[in-house]
Amino acid sequence: MAVVDYLIVGGGVAGTTAAETLRRLRPNAAITIVSAEPYPLYSRVLLPHLVLGKASREKIFLRQAEQYREKGIEFLAGVAVAELRPGEHTAVIVGYSKSDNSRILNIRYHKLLLATGGAALPLGVPGEHLLGVTPFRSLHDAEAIIAALSAMPNSECQALAVGGSFISLEFPPFFEKFGLAGGMLLRGERFWRRILDDEASGVIEDTLLAHNIRIYKGEALVACEGERRLESVRLADGRRLKTSFLGYGVGLAGAPEFVLQAGIAGGPNGIAADERLRTSAPDVWAAGDCADFWDVTVGRRHRLGNWLNAQEQGRFAAEAMAGEKEIPFESVSAYATKIFECSIAMIGDLTSQAESRWLTRGTRANGKVARLHLRGGKLAGAALINILTERAAITTLIKNRTDLRGREKDLADPSFGLQNFF
Ligand SMILES: Cc1cc2nc3c(=O)[nH]c(=O)nc-3n(C[C@H](O)[C@H](O)[C@H](O)COP(=O)(O)OP(=O)(O)OC[C@H]3O[C@@H](n4cnc5c(N)ncnc54)[C@H](O)[C@@H]3O)c2cc1C
């Protein structure tokens, strides 16, 4: 049985950052990354650029295989951890094939990091496995999307996307790029219906409409239909929309089966971790998209799904595993993207609580709106639509926990500079 000091499950940004941090802190330690995907670290953030033809396949790779070797990090690609025995500090790896053709490798670890990201949550409707129904999580998905959209005759029907958040919004620019009529199916009346109001969501809608993307509001998808390939989608009221492509982004799946089977706490929101990213098992940490961690800044457990958080948690977990971190993980989360010419950023905590108060800064007519989430008189988070210039000021207000009681009128006035609060 192989024995390593640090075993990292997942070769995404959280796992890779953790491995490289551990190498810096522990020059002589044996470090192994097990990566289910068959390639070195690549940027998921750049995948939309790959589909749009703005970035080459080569450009999205952030590491080359030899860079792991140079750093003395063993990188096992295209194999997965299928079983954990936390009591024995052992992981069972499948798909492992060396010259002796063994299919299983057992590794004993001293400390283990779970950095398994998150698989795309299934649509949960009949027919979702038909060809042409595609999630968007990996390089493999990006290449499947390119193949499917290139093969779709533009006279045939519209390409559709379902879901009202970041991943589903990546699809409409693809439809335009491939010369297809496109549409979006929204379950509610707005994008991010719990965060945005009509003004803020309206700015995104106006952008999509300007690019001839049809928005179907208040529509629940109940089935994908076809023989082997998608031919139509059925809506709750019985209507059918003819299509051979449905892209979806409806969230991330919960904690992986092998983690739950090992008796490690977790559930639909990911792998449970405390404020120092420790899981319920001894010597096992969790970081990145898979971690449902106790966030001291918001006073509850939650899961974040952005690049910066995964990177910061990977670094933090490595420091904790090396015994050099006694404080809680703290960070202001941020996700920013651009859909056509509309920039969207979500910063900090945007989950409504009993004492939450929401303010709108800006108007749909001006094409710039911020939604500000106040809790206990302090700014907890913000959604910025087309006003990224305010991102730094917003982040500072959240970090400083500035008392904004009685200043609601100024906050809601876009002509009042936020830097006046510092
Ligand atoms: C299309 C797209 C666009 C995005 N755009 C943005 C953006 O603009 N801004 C932003 O901040 N964020 C963006 N994100 C989110 C961001 O990419 C993620 O938050 C980040 O990549 C998470 O990193 P991670 O290391 O936690 O997980 P991942 O990158 O998901 O890596 C986890 C790895 O673990 C592997 N794994 C899982 N189980 C096992 C196992 N049992 N054994 C071995 N390996 C396993 C997985 O296959 C995967 O390779 C985007 C994501 C996508 C999909």
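Every number here is computed from the coordinates shown, using simple stated rules; none is lab data. Here the structure is a predicted model, which means the values were calculated and not measured. With ideal geometry, Cβ positions are generated from the backbone for all residues, glycine too; neighbour counts draw on all protein chains shown.
A few remarks follow.
- Sorted by Cβ density within 10 Å, fewest first, the residues LEU372, LEU160, LEU121, LEU50: LEU121, LEU50, LEU372, LEU160
- Annotation: the antiparallel percentage among DSSP beta bridges lying fully within the stretch 1-130 is about 40.
- Sorted by Cβ density within 10 Å, fewest first, the residues CYS342, CYS290, CYS224: CYS342, CYS224, CYS290
- Estimated at 0.36 nm per residue, the fully extended path between GLN353 and ALA223 surpasses their Cα-Cα distance by 43.4 nm.
- Which of ILE195, ILE347 has the fewest Cβ neighbours within 10 Å, and the rest in rising order: ILE195, ILE347
- In order along the stretch 360-367, the phi-based Karplus estimate (6.51 cos²θ - 1.76 cosθ + 1.60, θ = phi - 60°) of 3J(HN,Hα) comes to 10, 10, x, 9, 4, 4, 8, x Hz; Gly and Pro are listed as x.
- Here the stretch 341-415 is treated as a Stokes sphere of Kirkwood radius computed over C-alpha pairs; at 25 °C and 0.890 mPa s its diffusion coefficient rounds to 199 µm²/s.
- Whole-Hz couplings from phi, Karplus 6.51/-1.76/1.60, listed for the stretch 9-26; x for Gly and Pro: 9, x, x, x, 5, 5, x, 5, 4, 5, 4, 6, 5, 4, 4, 5, 7, 10
- For the pair VAL45 and ALA30 in one chain, pulling the backbone fully straight at 0.36 nm per residue adds 2.4 nm over the alpha carbon distance.
- Bridgeable lysines around LYS325 (alpha carbons under 24 Å apart, same-chain partners fewer than 8 residues away excluded): LYS71, LYS111, LYS399.
- 5 angstrom amide H check on GLU37, placed H, neighbours 5+ away: GLY11, GLY78
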